[in-house]
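*Asks:* My structure is below; once you've seen it, I'll send some questions.
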Amino acid sequence: MQPCLIGRQVIRFESVTSTNDVAFELAEAGACEGTVVLAGTQTRGRGRHGRPWRAAPNTSVLLSAILRPAQSCQKTTVLTATAAVSAYETIRSCSGLETVIKWPNDVYLLGCKVSGILIEQRRGTCVIGIGINVNQTAKELYAAELPEAISLRAACSREFSTEAVAMDLVRQLDLAYDEVVQGGHDRVLQKWVTAMRLRGAQVRIRHPAGESMGRLIAIDFDELRLDVAVEGPIALNLNHVQAIQRLA
Ligand code: BT5
């Protein structure tokens, strides 16, 4: 199937600093929207808030996609959900195992982190960066000081083609982003919320004003509604939610 947008051009590198940096450089130089950058290894792979992303050479999917979203798709939560749902679908279909999205956009397999997402925006260009652990053994992840990480291989006891996983991810991203572009925000939202498995659960939410506890009633792209014991229902701005911990 021909991609609608994401994956119209795929550029592969052996080694880069960070695929997100290369994607921004290519975007500046005029690369078309939907261009995907893949790398075998990164010397300065990064996570959110300056944290590192570690992946031994040729063990992982290290991908960045260049987007120039129209205003209706620019909201960070919409892009976060689009990327998270895509990584979730890829990992679920490759592994056939229990997969969940941990707020807001980590993907967990069998209770351990298998994928992380870093979305950055600069002057109208948005880069979606996704790392998926594919062929590291449990021993290698432990030795790399990632005891809470897992790979597809460690979970499924077999090796995977990183190229095939990357191409599945590109297809899922293209499908999910096309849905959003066509106005199907609600379907992506529903998939995101369902994959987080938090609706109806007792949760503790950390936000700049402190913590709130209660039953999570609903999430949309703007706010989260919580049924708090004495106060009753309250709404929290999604941009202020720092962490969600499931209590039961
Ligand atoms: C993330 O940040 O999880 C976003 C990671 C995004 C990586 C991709 S790779 C392609 C693109 N190019 C880049 O330079 N980045 C993107 P965060 O939620 O802040 O999590 C970072 C934390 O996850 C680290 O502090 C470690 O504890 C842990 N971590 C690092 N490497 C990991 C790995 N391979 N698997 C699981 N956890 C890891």
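*Asks:* With each label point set 7 Å from Cα along the Cα-Cβ vector, what nm distance links residue 211 and residue 228?
*Replies:* Label-label distance for residue 211 and residue 228, simple model: 1.4 nm.
*Asks:* Please list, in order along the range 30-40, the HN-Hα scalar couplings obtained from phi with the Karplus expression 6.51 cos²θ - 1.76 cosθ + 1.60 (θ = phi - 60°), rounded to whole Hz, x for Gly and Pro.
*Replies:* x, 4, 6, 4, x, 4, 10, 10, 10, 9, x
*Asks:* Taking the solvent-accessible surface of protein heavy atoms with a 1.4 Å probe, what is the per residue accessible area of the chain in Å²? Each step should come with its number before you reach the end.
*Replies:* Working: 12070 Å² over 248 residues.
Normalised by residue count, the accessible surface of the chain is 49 Å².
*Asks:* Please compute the net charge surrounding residue 120, taking Lys and Arg as +1 and Asp and Glu as -1 over other residues with Cβ under 12 Å from its Cβ.
*Replies:* Result for the neighbourhood of residue 120: +3.
*Asks:* Seen from all sides and averaged, what is the projected area of the convex hull of the Cα atoms in the chain, in nm²?
*Replies:* Mean orientational projected area (the chain, Cα hull): 13.5 nm².
*Asks:* Ranked highest first by the average count of other Cβ atoms within 10 Å around their residues, in what order do 129-137, 146-154 fall?
*Replies:* Averaged packing, sorted descending, gives the order 129-137, 146-154.
*Asks:* So, with a 1.4 angstrom probe, what is the percent of accessible area on the range 1-128 that is carbon and sulfur?
*Replies:* After summing per-atom areas, the C and S share lands at 49 percent.
*Asks:* Given q = 0.21, 0.22 Å⁻¹, what are the Debye log10 I(q)/I(0) values for the range 58-100, with equal point scatterers placed on the Cα positions and solvent ignored?
*Replies:* Scattering profile of the range 58-100, log10 relative to I(0): -0.82, -0.86.
*Asks:* When ranked by the protection proxy of mean other Cβ atoms within 10 Å per residue, highest first, what sequence do the peptides 51-58, 191-198 form?
*Replies:* 191-198, 51-58
*Asks:* Given an 8 Å cut-off on Cα distances and at least 6 residues of separation, report the relative contact order of the chain as a percent.
*Replies:* Working: 496 pairs, mean separation 41.0, N = 248.
Over the chain, the number comes to 17 percent.
*Asks:* Name the GluC sites (Glu not before Pro) in the range 207-248 that are in a loop by DSSP and that have at most 10 other C-beta atoms within 10 Å, would you?
*Replies:* Values: sites: 211, 223, 231; in loops: 231.
Taking the range 207-248 and a limit of 10 other Cβ atoms within 10 Å, the loop GluC sites (Glu not before Pro) found are 231.
*Asks:* Take the alpha-carbon centre of the range 23-72, take the same for the range 187-210, and report the distance between them in whole Å.
*Replies:* The range 23-72 and the range 187-210 have Cα centres spaced 27 Å from each other.
*Asks:* Considering all alpha-carbon pairs of the range 14-61, what whole percent are spaced by more than 15 angstrom?
*Replies:* 45 percent
*Asks:* When the helices in the chain are scored as -39500 (n - 2.57) per DSSP H run of 4 or longer and the sum is shared across all residues, what 222 nm value do you end up with, to the nearest 500 deg cm²/dmol?
*Replies:* Computed ellipticity for the chain at 222 nm equals -9000 deg cm²/dmol.
*Asks:* Kirkwood Rh, Cα Rg: Rg to Rh for the range 1-146?
*Replies:* 0.95
The values are calculated or read from the model by the stated rules, or taken from the named source; none is laboratory data. None of these values were measured; they are calculated from a predicted model. Methodologically, a virtual Cβ is constructed for each residue, glycine included, from the backbone with ideal geometry; neighbour enumeration extends over all protein chains shown. Heads up: the accessible areas ignore ligands, DNA and RNA and are worked out on the full protein's heavy atoms, side chains in. Shrake-Rupley method; radii C 1.70, N 1.55, O 1.52, S 1.80 Å.
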